[in-house]
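The values are calculated or read from the model by the stated rules, or taken from the named source; none is laboratory data. These figures come from a predicted structure and were not determined experimentally. Cβ coordinates were reconstructed from backbone atoms using ideal geometry, including for glycine residues, and neighbour counts include every protein chain displayed.
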Amino acid sequence: MTLTAGIDVGAGAVKVAIVETGYCGERLRGVCFERIRRRTVESVVDQAFETVLNEVGVRRDQLDYIATTGEGDTIPWRTGHFYGMTTHARGALFLEPKARGAVDVGALHARAMRFDERGRVLEYRMTSQCASGSGQFVENIARYLGVALDEVGTLSRKAEKPEKVSGICAVLAETDVINMVSRGISTPNILRGIHDSIAMRLASLARGIKVSGTVLVTGGLSLDAGLVAALADRLRDGAAVVDVRTHELSVHAGAIGAALFGAFRHEKLAAKQPSQNSTTFSEPANAGGG
Amino acid sequence: MNVFVGIDLGSTTTKAVVLDADGAILGRGITNSRSNYDIAAQVAKDEAFTNVRFTVLRNTLEESGLLGGGLDEFWGLLTAAFELEGYLGHLDRLDVHCRDELGRGHHGDLTLPLSSALANIVKRLRDEAPDLFSPGRRARSDFFRDIAGAGFVNAAGEIAKAGGPPFDRIVGLFDKSIIPVENESDGRGFAPRLSAAFSRVTSGGTGDKAALRQLLNRAMGAELQTIRLVGTGYGRARLPFPKDQIRSEILCHGLGAHLMFPNTATVLDIGGQDTKAIQVDRAGVVTNFQMNDRCAAGCGRYLGYIADEMNIGLHELGPLAMQSHRRVKINSTCTVFAGAEFRDRLAAGDAREDILAGLHRAIMLRAMALLARSGGVRNEMTFTGGVAKNPAATAALRELVRENYGDVTINIAPDSIFTGAIGAATFALRDSVAARPVQEVA
Amino acid sequence: MSAPVQEKIPGRLGEMVAKMEALYADLDLAAVRDWKSRGQNRRAVGFLPVYVPREVIHAAGALPVGIMGGADRIEIVRGDSYFQSYICHLPRSVIELAVVGKLDALDGFVFPSICDVIRNLSGMFKLLLKDKFVHYLDLPQNFDRRLGGRFYIQDMQHLAQGIGRLTGVEVTDSALRASIKAFNHNRAAVRRLVAARSDRPWEVPTLEYFLLLRAGYLIPVEEHTALLDEYLELVGRSGRHMMDNVRVVVRGAFCEQPPLGLLRTLERAGCYVVDDDFVLGAHFIERDLDERGDPWEALAEGFMEYSVPSASKYDEHRTKGSELVRRVRDVRGEGVIFMAPSFCDPALLDQPMLAAALEKEHIAHTALKYSEDTGQFQVIREQAGTFADGLKLWSNA
Amino acid sequence: MSTQTTEKDASMLKQKEMIADHFHALAHAKKNGKKVVYTFVPGNLTELINHFGLLPVLPEINALQSGMRGKSAEYIAIAEKAGHSEDVCTYVKTDIGMLKAGNIGPTGEPLPKPDLLLLSYTGCFTFLKWFELLREEYDCPVVMLHVPYQADGAITPEMRDYVVGQIRREVIPAFERLSGVKYDEAKLRAQLALSARAEDDLVWVLESGKHRPSPIDAWFGGVYYIGPMFTSFRGTQDAIDYYRLLREEIQERLAQNLGPVTPDGPAGAERYRLVVEGPPNWTSFREFWRMFSSEGAVVVASSYTKVGGLYDRGFRHNPDDPLGTLADYCMGCYTNLNFPQRVALLESYINDYAADGFLINSVKSCNSFSAGQLLILRELEKRTGRPGGFIESDLVDPRYFSAANIKNRLESYFQMIEARRTGARP
Ligand SMILES: Nc1ncnc2c1ncn2[C@@H]1O[C@H](COP(=O)(O)OP(=O)(O)O)[C@@H](O)[C@H]1O
Ligand SMILES: Nc1ncnc2c1ncn2[C@@H]1O[C@H](COP(=O)(O)OP(=O)(O)O)[C@@H](O)[C@H]1O
Ligand code: SF4
Ligand code: SF4
Ligand code: SF4
């Protein structure tokens, strides 16, 4: 049995997952999500890591592999690092075994990837210079509209006549939104308009890599049902049928994927140098587990 | 008194300026732009009118000699109390709206805890208010949203930590309620507010109350007759005025800058979401202009994101950046990424002030490109818009202009943020002069 | 995140790298000024990427100087005022360099016809630098000897005459043959470098490889050949170790060059670049040219028959896809990274065709965009890293 | 007023009919055994294509029409899905998208596949990539006609020989092979003579903009006027008839001192006379036009109406030198002029047409037009002293048409002209 941790350091939040792999397959032992909110990244990582270790009752030294992802390659005590799209794909596959594609929408960037049944990334795209398809965008708009982030999705789904958002810029769109409010457009219609415009960008990312079949939305915005619905609509009007899903643990996909790859790598390394790593494989390592 | 009004409805702030028939500035008003443009324009205009009345009042007081050497002190107390009254009025309405929100039944089990958290916060804000508005305490934002928002968030943080309802939920109340608060007018009006302020000040027993009150009433009664009003700015298309009372902000900024500094040849205006480079001739007529394209990178909002990230006020950014000795080179990126960029640089070991200095320079570099596009920097140059209030931005501008154009006089007025409104008000004045003969014939 | 710092390299190799870095960083063209000051009436002629017959400039007695933009080393103040946001970055920095006088050491400029941006830039130079020699080299896209070949020779001869007017040198056939010879030597040395790097990329890091080629754009060709030889000699003995990196081929960067930080980022993210089109003008002809016959014919043949493909050259025989596949196989590349400058129409429009060819052969590929002044590499690191992860994790799984 | 509308309709109806016939012929090309050649607008060899009885398809025109019909967004999305970058020319992407969506032409009838791609690339490198891409899709032969650039501001004998040589040795033989028709120089001369006749009328129409008020809008209206001449009708009797009708209608308006007719009816008083550089936007064409017409702004001359030839600068197809004249035509189009030439041309328009100012509409798609336009702006301001304006949009990508932004700039620009005209008032 192998016990590994994945730490996903994002622009907006730190996510940690603990995974156990063994004869009975892969088991997610615990997760933790901590928004950074103007704190130093190190302190947030430490806190999140401690929290989840306590929760699942595991000590640091019992971990076989600590895998980082996202901006986590600055964490000195990691065992190894995997890049964001590698881990999100793997995490998505874990959460939704049917998925062959994932769209990850984080605070600043959005990514789309297509992968095979083992989680091997076949193709991917991500946004770069411009934040117009990102979580931060939604956060700003929500703030303008006075809507809490976790209500955004519900409200957006109530839209009857979504308002078209013309501009591309996430900053100028704030003014657009003010205009809409002053024209008496309802909050749901505005939100859905915003969601549609983000979804359009995401869909073009996803289409660019020809996703099809089941696609899991991961990252922070997976919690936003309105965006997920908008994306599903957008991807539906193409030729290929795309089944867009989300999972309550979607936001942890990166961390989960990192932990799983940590295990994968650990086993590969162990196979290469069995003597050195043998202790890690001994039964007592399991003591803390449940 | 006949007055001419200019309103500049910016993407971030709305400004109003009142002129008399000779073109002298009588008053200025500013508020943050909000979803209801009519209200924003109205509030700015009210503020400007209040400003006019205060000017009148001050003159009256001086003439009366009633307070002698105590005038300045009394004046300080009265203006502070007046602001405090305004603040408290807003706070009342914030309280009401928050309660309404709680009453809507979305909050389930949290309704009660949220309600008591709210009561706690409002009480706190009330208690802290007099101190915030005591005379001599400057350097705070001009806007209720910012002042109350900061206090609210801080208090919410403490309450949440002490086992109260979750932080997000408490702050959510504020976010929801601030919009209606901003979108309804003050209700109370100038006179009652001044009167309440007066009572506050005189409760201590300063001077001859009755005589003072009489003077006050006279000043408040002064009739202000708006002859003509011109609107401009980002939101001008939505202003509730007829088309002939609307001017492009380019023209207004050009003219405004010319009026403030008659030798102006080049104008740079950096607002919240747009940057304009304007060339004017000797009469203040625009001969060329360039604006940023559909990307808001490098505008004032960029600094807003940084201030948010650092949890400090906009006015504190510049002074902090000025402490830098080793500027970090930054290629200005997306406004939304500003916070992340800042955090990244911190993580890479750069000092706060050095990063800030780099960010300010990056913004100014973008402005330099626009300036070059519009025909370069000519002597003299006037820098306007909200960002001109930021000393690090102006320092970066001076440096870049010197490096690229040599010795050029750069004008920055303390009230540069009103430039567009001054231009608009002057157009109002000129239009009415030009229109009069036509009306007589007709 | 800021670009990772390169560790110091000891010894003579370190000195050489430092010298190349200094050449790279020298936006004022001190090396060119220095060369000019060492002789009477010396002239230097700048050229833009890619397909420029440097032999002609050389034979006309001028120093050919490659202009590759300003990378991330200059602040663009005026350049942006000439170009909208949706035009690639290179012309901004070139204009910036020109208008602030950093190209003053150059007496003339050659603009090869590789895209509309460079084409229009030639006209802008005509308007802005009225007293300089500006030549637009209209490379033939018709590869028939009697048509395109003839036109190209006429065009090169115009160029030779133009430079000749600057230097007072007439380009004779024998002078041109001598130039071809000098460049043949250089081409051979570059081929050795290219081969060494694809063989042992850990010995020749991308950064040094790039700087080496780049140096050839600023110093006389004979010196550059010597520099290449010495470098190869030294790295062969440097004892640099191999890392667990994947071998990738990079395409699209033939014109605007990626910043150094980006090159480092690629390696840090786990990629050895074993073949690329950086500084392509330094090795666009992959073999020696005829040194005995008509030298103009030899040069024309060089471009028309033996020049490497790029998005700027018409793919007459529809072979660019198979060429790329062959190249990937030759250098044992595990995948291809398409890395084009933002808004570069030729490179970006080429990609889907090349990608299709790779897909047919099941060669992995990915695409990144950059500009010469890209300052943030997270996105690039993540994309390149994911690509490397994919190849690495699954290599023998 | 009503007579005027019907008269206007005559030329418009004629053009509509010509276009409909052409697309109908295309739709039935294969059935009727007709061979199809795809080629580009600038410097097109229409007479030669018609000469061999081949049918021309101009993908740029299809892209433009897709933009006007509101289809381009969808097509661009399809092309981006197929791996095309957001950054590149949207004409290409619209065309590729249309192809992948079934190749339905602007009239709703299907377009035939090409039997040959004539890659005559005048003034734009993207053309080269475009046909390389189409070659991948259609797997058909390509003829390259490399048209050299007027780098030094003139067409040299070498350039002319090069182009004539390519036409003679490569284009004509390829057409002969494809059509089975022999090249007949006498016939081509006759065609070219017809071209020249219509060209005279087109020039007359374009130059009517010198009149005050201008009876035409030489940009928004101009794009309709150049249609037949720049596309597949040059050298046909239809084109001659069309331009004759058009000329008569405009003559009528001139006589009555009327301004242009806009989609919303006759234009109001002429307040601003403008020279415009750059192509228009097609996706919001009417809205865009309205931003001008509602302010009384009329475009009196434009460079876009010269992308298919600088007839107003004296060029006519010359029957006496058939291949030479085709070569000159290829090399003489606006985007094949070098910068000093472009600036000089615009400068003369500003003066000759007594413009109050000039405006650049910079389109994101087109590097050929856009790269360096800001220098053109500056040079023109310097040389003419008249105010320049600058707006940005795209040809067919609606994502790059920000109405509010453009309106804001235009209004500011017009007000600036007004303010400069009236000078400072007390
Ligand atoms: N409940 C929620 N509903 C909608 N969006 C949310 C919610 N919680 C978080 N988010 C969004 O998720 C983003 C953070 O996502 P994450 O994937 O963690 O980003 P990163 O990895 O870049 O830090 C935030 O910017 C926020 O917009
Ligand atoms: N007190 C201040 N100190 C420093 N900067 C300020 C201050 N007030 C406003 N700003 C800057 O000015 C910008 C708003 O400028 P403003 O001219 O009001 O914009 P607009 O006209 O678009 O509404 C803000 O984004 C901020 O960067
Ligand atoms: S358009 Fe807006 S969101 Fe995009 S880079 Fe510019 S400022 Fe950022
Ligand atoms: S980067 Fe591309 S578009 Fe730009 S100049 Fe070079 S080849 Fe032309
Ligand atoms: S780049 Fe310009 S000329 Fe070339 S195809 Fe695109 S729009 Fe046409």
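One residue is enough: does region A:70-79 have a residue meeting the conditions of a type in the set (A, V, I, L, M), within 11 Å of chain C (Cβ to nearest Cβ) and either away from ligand 4 (no atom under 16 Å from the Cβ) or buried (at least 22 other Cβ atoms within 10 Å of the Cβ) (or both)? Don't jump to the end; show me each part of the working.
Going residue by residue through region A:70-79, those that are of a type in the set (A, V, I, L, M) are A:75.
Retained after the next criterion (residues that are within 11 Å of chain C (Cβ to nearest Cβ)): none.
No, region A:70-79 contains no residue that is of a type in the set (A, V, I, L, M), within 11 Å of chain C (Cβ to nearest Cβ) and either away from ligand 4 (no atom under 16 Å from the Cβ) or buried (at least 22 other Cβ atoms within 10 Å of the Cβ) (or both).
For region B:250-289, name all the residues that are within 16 Å of ligand 2 (Cβ to nearest atom) and at the interface with another protein chain (Cβ under 8 Å from one of its Cβ atoms).
Narrowing region B:250-289 to residues within 16 Å of ligand 2 (Cβ to nearest atom): B:250-257, B:260, B:267-278, B:289.
Within region B:250-289, B:Ile250, B:Leu251, B:Gln273, B:Phe289 meet the criteria.
Among the residues in region B:49-63, are any within 14 Å of another protein chain (Cβ to nearest Cβ) and either more than 16 Å from ligand 2 (Cβ to nearest atom) or of a type in the set (Lys, Arg) (or both)? Walk me through how you get there before you give the answer.
Our first condition is that a residue be within 14 Å of another protein chain (Cβ to nearest Cβ); within region B:49-63, this holds for none.
No.
Would you say A:Ser182 is in the same structural domain as A:Val228 (by TED's automatic domain parsing), free of Cβ contacts under 8 Å to residues at least 24 places away in the same chain and either over 20 Å from the mean Cα position of the chain (by Cα) or crowded, with 22+ Cβ neighbours inside 10 Å (or both)?
Values: in the same structural domain as A:Val228 (by TED's automatic domain parsing): yes; free of Cβ contacts under 8 Å to residues at least 24 places away in the same chain: yes; either over 20 Å from the mean Cα position of the chain (by Cα) or crowded, with 22+ Cβ neighbours inside 10 Å (or both): yes.
Yes: the conditions hold for A:Ser182.
Given (1) assigned to a helix (DSSP H, G or I); (2) among the basic types (Lys, Arg); (3) modelled with pLDDT of 90 or more, where does B:Arg378 come up short, assuming only one miss?
Single failed check for B:Arg378: (1).
If only one of B:Arg398, B:Arg366, B:Arg378 is under 24 Å from B:Pro414 (Cα atoms), more than 27 Å from the chain's Cα centre (by Cα) and either within 16 Å of ligand 3 (Cβ to nearest atom) or away from chain C (no Cβ under 12 Å) (or both), which one is it? Give the steps one after another, and end with the answer.
On the way: B:Arg398 fails: more than 27 Å from the chain's Cα centre (by Cα); B:Arg366 fails: more than 27 Å from the chain's Cα centre (by Cα).
Testing whether each residue is under 24 Å from B:Pro414 (Cα atoms), more than 27 Å from the chain's Cα centre (by Cα) and either within 16 Å of ligand 3 (Cβ to nearest atom) or away from chain C (no Cβ under 12 Å) (or both) leaves just B:Arg378.
Kindly evaluate A:Ala199 against the criterion of being over 25 Å from A:Thr4 (Cβ atoms), at pLDDT below 95, assigned to a helix (DSSP H, G or I) and out of contact with any Pro (no Cβ under 9 Å at 6 or more places or on another chain).
Working: over 25 Å from A:Thr4 (Cβ atoms): yes; at pLDDT below 95: yes; assigned to a helix (DSSP H, G or I): yes; out of contact with any Pro (no Cβ under 9 Å at 6 or more places or on another chain): yes.
When the stated conditions are applied, A:Ala199 passes them.
Can you pull out the residues in region B:325-349 that are buried (at least 21 other Cβ atoms within 10 Å of the Cβ), away from ligand 3 (no atom under 12 Å from the Cβ) and not in a helix (DSSP H, G or I)?
Of everything in region B:325-349, just one residue is buried (at least 21 other Cβ atoms within 10 Å of the Cβ), away from ligand 3 (no atom under 12 Å from the Cβ) and not in a helix (DSSP H, G or I), namely B:Ile330.
Name the single residue that is nearest to ligand 4 (Cβ to nearest atom) among those in region D:327-367 being farther than 26 Å from D:Leu145 by Cα and among the acidic types (Asp, Glu).
Applying the filter and picking the extreme gives D:Glu347.
Might you check whether a residue that is in the same structural domain as D:Leu48 (by TED's automatic domain parsing), of a type in the set (Gly, Ala, Ser), away from ligand 5 (no atom under 16 Å from the Cβ) and assigned to a helix (DSSP H, G or I) occurs anywhere in region D:168-182?
The answer is yes, given that some residue of region D:168-182 is in the same structural domain as D:Leu48 (by TED's automatic domain parsing), of a type in the set (Gly, Ala, Ser), away from ligand 5 (no atom under 16 Å from the Cβ) and assigned to a helix (DSSP H, G or I).
Take region D:339-374 and flag every residue that is small (Gly, Ala, Ser), more than 18 Å from the chain's Cα centre (by Cα) and either within 8 Å of chain C (Cβ to nearest Cβ) or within 16 Å of ligand 3 (Cβ to nearest atom) (or both). Outline the logic, then answer.
Step one: list which residues in region D:339-374 are small (Gly, Ala, Ser), which gives D:344, D:348, D:354-355, D:357, D:362, D:365, D:368, D:370-372.
Then keep just the ones that are more than 18 Å from the chain's Cα centre (by Cα); that gives D:344, D:348, D:354-355, D:357, D:371-372.
Scanning region D:339-374 gives D:Ala371, D:Gly372.
Which one is nearest to ligand 5 (Cβ to nearest atom), of the residues in region B:403-420 that are exposed (fewer than 13 other Cβ atoms within 10 Å of the Cβ) and more than 29 Å from B:Lys15 (Cα to Cα)? Before you say what the answer is, go through the steps one by one.
Of the residues in region B:403-420, the ones exposed (fewer than 13 other Cβ atoms within 10 Å of the Cβ) are B:403, B:406-407, B:414.
Adding the requirement that they be more than 29 Å from B:Lys15 (Cα to Cα) leaves B:403, B:406-407.
Numbers: B:Glu403: 36, B:Gly406: 39, B:Asp407: 43 Å.
It comes out as B:Glu403.
For C:Ile153, indicate whether it is within 19 Å of the chain's Cα centre (by Cα) and in contact (Cβ under 8 Å) with a residue 40 or more places away in the chain.
Numbers: within 19 Å of the chain's Cα centre (by Cα): no; in contact (Cβ under 8 Å) with a residue 40 or more places away in the chain: yes.
Judged against the criteria, C:Ile153 is not a match.
Being touching a Phe, Trp or Tyr at 6+ places or on another chain (Cβ under 7 Å), touching a residue at least 24 places away in the same chain (Cβ under 8 Å), outside the structural domain of A:Gly10 (by TED's automatic domain parsing) and within 16 Å of ligand 2 (Cβ to nearest atom) narrows it down to one of A:Ala170, A:Ala131, so name that one.
Answer to the check: A:Ala170.
Given the conditions (1) more than 14 Å from chain A (Cβ to nearest Cβ); (2) without any contact (Cβ under 8 Å) to a residue 12 or more places away in the chain, which single one is not true for B:Asp344?
Result: B:Asp344 fails condition (1) only.
Has region D:127-150 got any residue that is at pLDDT below 95, closer than 18 Å to D:Ile49 by Cα and within 16 Å of ligand 5 (Cβ to nearest atom)?
No, region D:127-150 contains no residue that is at pLDDT below 95, closer than 18 Å to D:Ile49 by Cα and within 16 Å of ligand 5 (Cβ to nearest atom).
If you go through region D:354-406 one residue at a time, how many are over 30 Å from D:Ile76 (Cα atoms) and part of a strand (DSSP E or B)?
Of the residues in that region, 3 qualify.
Which one of B:Ala148, B:Ala117, B:Ala129, B:Ala156 is free of Cβ contacts under 8 Å to residues at least 40 places away in the same chain and either over 19 Å from B:Ile179 (Cα atoms) or not β-branched (Val, Ile, Thr) (or both)? Give the derivation first.
Values: B:Ala148 fails: free of Cβ contacts under 8 Å to residues at least 40 places away in the same chain; B:Ala117 fails: free of Cβ contacts under 8 Å to residues at least 40 places away in the same chain; B:Ala129 fails: free of Cβ contacts under 8 Å to residues at least 40 places away in the same chain.
Only one candidate qualifies: B:Ala156.
Would you point out which residue out of A:Ala148, A:Ala102 is in contact with an Asp or Glu (Cβ under 9 Å, 6 or more places away or on another chain), away from chain B (no Cβ under 14 Å) and away from ligand 3 (no atom under 13 Å from the Cβ)? Break it down stepwise before answering.
Details: A:Ala148 fails: away from chain B (no Cβ under 14 Å).
Unique residue meeting the criteria: A:Ala102.
Quick one: in region C:118-133, which of the residues that are in contact (Cβ under 8 Å) with a residue 60 or more places away in the chain and within 19 Å of D:Phe125 (Cβ to Cβ) is farthest from the chain's Cα centre (by Cα)?
It comes out as C:Leu121.
Could you list all residues from region D:207-242 that are crowded, with 23+ Cβ neighbours inside 10 Å and over 13 Å from the mean Cα position of the chain (by Cα)?
Across region D:207-242, the qualifying residues are D:Gly209, D:Ser214, D:Pro215, D:Ile216, D:Asp217, D:Phe233, D:Arg234, D:Gly235, D:Ala239, D:Tyr242.
In this structure, does D:Glu86 turn out to be within 16 Å of ligand 5 (Cβ to nearest atom) and either touching a helix residue (DSSP H, G or I) at 6+ places or on another chain (Cβ under 9 Å) or among the small types (Gly, Ala, Ser) (or both)? Let's see the steps before the verdict.
Details: within 16 Å of ligand 5 (Cβ to nearest atom): yes; either touching a helix residue (DSSP H, G or I) at 6+ places or on another chain (Cβ under 9 Å) or among the small types (Gly, Ala, Ser) (or both): yes.
Spelling it out, D:Glu86 is indeed within 16 Å of ligand 5 (Cβ to nearest atom) and either touching a helix residue (DSSP H, G or I) at 6+ places or on another chain (Cβ under 9 Å) or among the small types (Gly, Ala, Ser) (or both).
Given the criteria closer than 19 Å to A:Leu221 by Cβ, away from ligand 3 (no atom under 16 Å from the Cβ) and either of a type in the set (Phe, Trp, Tyr) or surrounded by 24 or more Cβ atoms within 10 Å (Cβ to Cβ) (or both), does A:Ile194 qualify? Break it down stepwise before answering.
Numbers: closer than 19 Å to A:Leu221 by Cβ: yes; away from ligand 3 (no atom under 16 Å from the Cβ): no; either of a type in the set (Phe, Trp, Tyr) or surrounded by 24 or more Cβ atoms within 10 Å (Cβ to Cβ) (or both): yes.
Taking the combined requirement at face value, the residue does not satisfy it.
Could you tell me whether any residue of region C:94-109 is without any contact (Cβ under 8 Å) to a residue 12 or more places away in the chain, more than 16 Å from ligand 1 (Cβ to nearest atom) and crowded, with 20+ Cβ neighbours inside 10 Å?
No, the conditions are met nowhere in region C:94-109.
Would you tally the residues in region D:387-419 being crowded, with 19+ Cβ neighbours inside 10 Å and within 26 Å of B:Gly284 (Cα to Cα)?
The total comes to 17.
Would you mention how many residues in region B:143-175 are more than 14 Å from B:Ile121 (Cα to Cα), surrounded by 15 or more Cβ atoms within 10 Å (Cβ to Cβ) and more than 14 Å from chain A (Cβ to nearest Cβ)?
2
With respect to the numbered conditions (1) farther than 30 Å from A:Tyr124 by Cβ; (2) within 14 Å of chain A (Cβ to nearest Cβ), which one is the sole condition not fulfilled by D:Lys100?
(1)
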